[in-house]
Amino acid sequence: MDNKQHYLPWLAVWGGVFGVISGIPLVNCCCFMWFPLAGLLAVMNISTKANATIPFAEGAVVGLLTGGMAGVIAGVFGGAISAASGSAMLEFYRGIPNMDPAAMAQLEAQLSNPVAAFFQSCCLFTVVGPAFGAIGGLIGSAIFKKGSSGGGVPQPQAF
């Protein structure tokens, strides 16, 4: 972990940006795609700033931290939105014709309690965010390489 001095700005920037984006219900329909993207962009920016290749383990840690920050922000932000809009969503679902009564009972149980909706969102995002962020960090450290990696066939030297 040679590049720790470059972590904080990019963890805060990409964790904050993608945390807010992931907390918005209609934008987060991309199945947690924002968390790997946050980890990947953080690794890219750290690699550029340090002008060095980020090893896979360090890329995973950067992605984990970025995804964790994004997950906490998305959990709180998304949980607040879920808690505030639960009654409106419940009215929307009640207006759907031929809705299965068992599914409607589940929706009523979930959406009628704003505290449960908030904690459900917080728990989901804080678990999923770091995991997907670590995957993005691994992908970023595989893509964004600087200089030679030290592997491969040595070049012949001229005499």
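Could you grab the relative contact order for the chain? Cα pairs under 8 Å, six or more apart, rounded to a whole percent.
The normalised contact order for the chain reaches 36 percent.
Just to confirm the number: angle between the C-alpha axis of helix 114-143 and the first principal axis of the chain, 0 to 90 degrees, nearest 10?
20
Can you give me the angle between helix 7-23 and the longest principal axis of the chain, using Cα atoms only, in degrees from 0 to 90, rounded to the nearest 10?
Long axis of 7-23 versus the principal axis of the chain: about 30 degrees.
Which of rounded, prolate or oblate describes segment 26-159 when judged by the alpha-carbon gyration tensor and an a/c cut-off of 1.5?
Prolate shape, in that a/c is at least 1.5 and a/b is the bigger ratio.
Given the rule -39500 (n - 2.57) for each run of at least 4 DSSP H residues, summed and divided by the residues of the chain, what is its mean residue ellipticity at 222 nm, to the nearest 500 deg cm²/dmol?
-25000 deg cm²/dmol
Please tell me the relative contact order of segment 1-65 in percent, rounded to the nearest whole number, where contacts are Cα pairs under 8 Å and at least six residues apart.
Computed over segment 1-65, the figure is 40 percent.
What nm distance separates the two modelled labels at Leu26 and Asp100, each placed 7 Å from Cα along Cα→Cβ?
Distance between label points: 2.7 nm.
With everything on Cα atoms, drop me the angle between helix 34-50 and the longest principal axis of the chain, reported from 0 to 90° to the nearest 10.
Taking Cα atoms only, the helix is inclined about 30 degrees.
Values quoted throughout were computed directly from the atomic coordinates according to the rules given, and no laboratory measurement underlies them. It should be emphasised that the depicted structure is a prediction, and the values quoted were computed from it without experimental measurement. Every residue, glycine among them, receives a Cβ derived from its backbone with ideal geometry; neighbour counts consider all protein chains shown.
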